[in-house]
Amino acid sequence: MLTEFGRVFIFLIIGGIFVVAGLAAAWLIRPHRWYPGKLTTYECGEKPRGDAIVMFNVRFYVIALVFLIFEVEVAFLFPWAMVYQQLGLFAFLEMMVFLGILFVGYAYVWKRGDLEWDRPVPSVPLTPSATNNLGQKITDQVSP
């Protein structure tokens, strides 16, 4: 048993040597010509505009998460479809329940508007008696 772990350990050492040797060879062979263009932010060949740190809208992350959830759920359909003929009626009904839950989730996300890229910002109408956190009256006019 120790020889099996020894073989794995030797394999990891040899793999590490290959990684270090590859990085060292690349460091020795590469050209060492520095110019200011190498230090700029890369924007697909365009000249960079603004700061490199940009705050993204939360909608991008929500759409990415929704896409990931539905892709993982759809991935469960492929193994089921391969053995569909042998599973019978019970497996078919189970998959219909699964697809029903998937459809309800999709309808919820669609109804909520999370699949829209350009959703308008909700506006809150100000009432004449609206006050801020300090108890001061809020008006529609902006003071200079």
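The values are calculated or read from the model by the stated rules, or taken from the named source; none is laboratory data. What you see is a predicted model; the values in this text were computed from it and never measured. Reconstructed Cβ throughout: ideal geometry from the backbone, glycine too, with neighbour counts over all protein chains shown.
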query = Given the residues Ala91, Ala130, Ala75, which is the only one that is surrounded by 10 or more Cβ atoms within 10 Å (Cβ to Cβ), among the small types (Gly, Ala, Ser) and modelled with pLDDT of 80 or more?
reply = Ala91
ask   = Is it the case that segment 22-33 has a residue that's modelled with pLDDT under 85 and surrounded by 10 or more Cβ atoms within 10 Å (Cβ to Cβ)?
value = no
note = Note: among Trp80, Trp117, just one is modelled with pLDDT of 80 or more, aromatic (Phe, Trp, Tyr) and out of contact with any Pro (no Cβ under 8 Å at 6 or more places or on another chain), namely Trp80
